[in-house]
Amino acid sequence: QLQLVESGGGLVQAGGSLNISCAAPTRTGSDYTMGWFRQSPGLEREFVASISGSTLSTWIGDSVKGRFTISRGNAKNTNYLQMINLKPEDTAVYYCAARRSRFTSSHENDYDLWGRGTQVTVSS
């Protein structure tokens, strides 16, 4: 079964930066759109960002727009979430997701593959 693996989470002070990455099996590629969601305790999972494997078009969630950037690696089966000017409210478990479509989506039900998540903690 295909599996996504996130890495790069950790603890950072407010105002700082952090990059997290996601590796997908090599069977994924330009046919897949990849995305990030996050979930804080007691809250619903929230869309963060999405990027198309074929067009490289991106969709950034309103709560992180201007601070987070999503990009794909050259191999197309990896993607990166660059986060700057982090705030305590960005603290969450960040999940990587993928869907076999060239269209980005902000709906978690549109994604077929998920990673186990990586914790990002922003201290005030």
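Throughout, read-outs are computed from the coordinates displayed, never taken from laboratory work. Note that the structure is a prediction, hence the values are computed from the model and not measured. Don't worry about glycine lacking a Cβ; one is built from the backbone with ideal geometry, like all the others, and counts go over all protein chains shown.
Given R0 = 30 Å, the distance between the Cβ atoms of residue 3 and residue 30 translates into a calculated FRET efficiency of 0.95. Mind putting a number on the dipole of the chain about its Cα centre? Charges go on the C-beta only, +1 for Lys and Arg and -1 for Asp and Glu, and I need it in Debye to the nearest 20. I would put it at about 340 debye.
Using the Karplus relation 6.51 cos²θ - 1.76 cosθ + 1.60 with θ = phi - 60°, the per-residue 3J(HN,Hα) values for region 58-70 come to 10, 9, 10, x, 4, 6, 10, 4, x, 10, 10, 10, 10 Hz, with x marking Gly and Pro. Give me the distance between the Cα centres of region 13-66 and region 81-99, rounded to whole Å. Using only Cα atoms to place each centre, the spacing works out to 7 Å. Across region 108-123, rounded Karplus estimates of 3J(HN,Hα) from the backbone phi angles (6.51 cos²θ - 1.76 cosθ + 1.60, θ = phi - 60°) give 5, 5, 7, 9, 9, 10, 9, x, 8, x, 9, 7, 10, 10, 10, 8 Hz, Gly and Pro being marked x. Computed on the chain, the Cα convex hull volume stands at 91 Å³ per residue. Of the trypsin sites (Lys or Arg not before Pro) found in region 25-124, the ones in coil according to DSSP and having at most 15 other Cβ atoms within 10 Å of their Cβ are 27, 45, 65, 67, 100, 102, 116.
What is the antiparallel percent of DSSP beta bridges lying wholly in the chain, to the nearest 5? Intermediate values should be presented prior to the final figure.
Values: 35 of 39 bridges.
Taking every DSSP beta bridge within the chain, about 90 percent pair in antiparallel fashion.
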